[in-house]
1. When ligands, DNA and RNA are left out and all protein chains stay put, how many square angstrom of accessible area per residue does the chain have with a 1.4 Å probe?
2. Ignoring ligands, DNA and RNA, please state the percent of accessible area on the chain from carbon and sulfur, probe 1.4 Å.
3. Going by average Cβ density within 10 Å per residue, which order do the peptides 10-23, 48-61 take, highest to lowest?
4. Using unit Cβ charges (K, R positive; D, E negative) and no other charged atoms, how large, in debye to the nearest 20, is the dipole of the chain about its Cα centre?
5. If Lys and Arg each add +1 and Asp and Glu each add -1, what is the summed charge of the other residues whose beta carbon sits under 15 Å from the beta carbon of T36?
6. Among F55, I16, V40, pick out the residue whose Cα is farthest towards the positive end of the charge dipole of the chain, where Lys and Arg carry +1 and Asp and Glu carry -1 on C-beta, about the Cα centre.
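The values are calculated or read from the model by the stated rules, or taken from the named source; none is laboratory data. Note that the structure is a prediction, hence the values are computed from the model and not measured. Note that we place each Cβ from the backbone using ideal geometry, even for glycine, and neighbour counts take in every protein chain shown. The area values use the complete protein model at the heavy-atom level, side chains included, leaving out ligands, DNA and RNA. Shrake-Rupley method; radii C 1.70, N 1.55, O 1.52, S 1.80 Å.
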Amino acid sequence: MDIDIIFKIAAIGIAIAVLNQVLIKAGREEQAMMTTLAGVIVVLMLIIQMITEFFDSVKTFLEF
């Protein structure tokens, strides 16, 4: 597993958390929630891509 993906996920999480707090302090709770949801979707897409690559490598390994 590459360590870069962990740093990407952490960076996205930190950026979304800061943006969320700024939007909440500005009184824009709806935009803060949508930003958080968008961040979660981006991270889930990264994780799904990793899982797909994992299953492809397992499939290749188990083929005869």
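1. Numbers: 5380 Å² over 64 residues.
Accessible area per residue: 84 Å².
2. Numbers: 3970 of 5380 Å².
Whole-percent figure for carbon plus sulfur exposure: 74.
3. Details: 10-23: 13.4, 48-61: 10.0.
By packing density, highest mean first, the sequence is 10-23, 48-61.
4. Dipole size: approximately 300 debye.
5. 0
6. So the residue we want is I16.
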